[in-house]
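Take a look at the structure set out below.
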Amino acid sequence: MSLGDYDALYEQSREGGPFSNSDEGMAFMDAWCNRCVHDRPARQGNDAKGCPLVLLTLTDRTPAQFVDGRCTEFRDEDSGPGPEPQPVPDPPGQLLLLPRAPFEGVRMLSPLPEPDPLPAVLAAHRVTDGTP
Ligand code: SF4
């Protein structure tokens, strides 16, 4: 199972690291990457075949696959039979009208630009100042 092209993953990512410090990064690795099938080659000594998302974090980029402290590409290496990870199961109790695979993906949310505070400050000044 492959995560895809590193250059495409880079294009999806945004500038700036996902962790505020190394402790937070190590906690993320302990919680997810250290048991994920995508980084298993790195754990076995082959860093070049390790997870490209981990590489992105080391280059001060935040992968689009990192959402709220989780990685959407995490696949437990011990899940399911056989060496390949199993697909994400369908939500229990849900009826599926369409196949999920073509519609699965990630999106990178970015903050809205800050509104210009100057008009509000000027309006408040006019009220207190009494000028029209
Ligand atoms: S896919 Fe996500 S959880 Fe798995 S090793 Fe890569 S960054 Fe870590």
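Quick notes on this structure:
- For the range 38-77, the fraction of alpha-carbon pairs in successive 5 Å shells from zero, as %: 6, 23, 28, 27, 13, 2
- Computed from backbone phi, the HN-Hα couplings of the range 46-56 come to 9, 4, 5, 9, x, 5, x, 6, 5, 4, 4 Hz, rounded to whole numbers (Karplus: 6.51 cos²θ - 1.76 cosθ + 1.60, θ = phi - 60°; Gly and Pro given as x).
- For the range 69-74, the Karplus equation 6.51 cos²θ - 1.76 cosθ + 1.60, evaluated at θ = phi - 60°, returns couplings of x, 10, 10, 6, 9, 4 Hz by residue, with Gly and Pro reported as x.
- The chymotrypsin sites (Phe, Trp or Tyr not before Pro) of the range 1-66 include none that meets both criteria, a DSSP state outside H, G, I, E and B (loop) and at most 12 other C-beta atoms within 10 angstrom of the site's C-beta.
- The range 1-110: GluC sites (Glu not before Pro) in DSSP loop, at most 16 other beta carbons within 10 Å: Glu77, Glu104
- At most 10 other Cβ within 10 Å, DSSP loop - trypsin sites (Lys or Arg not before Pro), the range 16-122: Arg107
- Pairs of Cα atoms farther than 23 Å apart, the range 1-83, %: 16
- Phi to ³J(HN,Hα) by Karplus 6.51 cos²θ - 1.76 cosθ + 1.60 over the range 32-38, Hz, x for Gly, Pro: 10, 5, 6, 9, 9, 5, 6
- Label-to-label distance, nm, for residues given as Leu95 and Arg126 (7 Å Cα→Cβ offset): 5.7
- Taken about its Cα centre, the chain carries a charge dipole of roughly 180 debye when the Cβ of each Lys and Arg holds +1 and the Cβ of each Asp and Glu holds -1.
Computed from the coordinates by the stated procedures, all read-outs in this text should not be read as laboratory data. Just so you know, these numbers come straight off a predicted model, no measurement behind them. Cβ coordinates were reconstructed from backbone atoms using ideal geometry, including for glycine residues, and neighbour counts include every protein chain displayed.
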